[in-house]
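As structure tokens, the structure follows; a few thoughts come after it.
The values are calculated or read from the model by the stated rules, or taken from the named source; none is laboratory data. Not measured: the values here are computed from a predicted model. Here the Cβ positions follow ideal geometry from the backbone for every residue, glycine too, while neighbour counts run over all protein chains shown. Ligands, DNA and RNA are excluded from the accessible area calculation, which covers all protein heavy atoms including side chains. Shrake-Rupley method; radii C 1.70, N 1.55, O 1.52, S 1.80 Å.
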Amino acid sequence: MLLAALTSFGLGVLAIASMFVIMLVSDVSPGIWLYLAAMLCPLGLLLGVVHALRSGRRAR
């Protein structure tokens, strides 16, 4: 689950960075697929939190 979290978070950050580059370089707005790909960032964060909670130590 950690690999899926890191991959989706990284792809989301890459999509956000590419949106900024597209907006700076051209006058065209980014496509809807790029906005949807940016939603992978919070999904990866959520998966990372779930992984941390599931793999953490139990309280005594």
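Working from the Cα coordinates of the chain, the gyration tensor eigenvalues give, after taking √(5λ), semi-axes of 33, 8, 7 Å in decreasing order.
Heavy-atom accessible surface of residue 26, to the nearest 10 Å², is about 40 Å², with a 1.4 Å probe and all protein chains retained. Nearest 10 degrees, 0 to 90: what angle lies between the long axis of helix 2-25 and the longest principal axis of the chain (Cα atoms)? Long axis of 2-25 versus the principal axis of the chain: about 20 degrees.
Solvent-accessible surface of the chain, averaged per residue with a 1.4 angstrom probe and all protein chains in place: 82 square angstrom.
For the chain, the fraction of 1.4 Å probe accessible surface lying on carbon and sulfur atoms is 74 percent. Between residue 32 and residue 2, the distance separating the two model label sites (each 7 Å from Cα on the Cα→Cβ line) works out to 3.8 nm.
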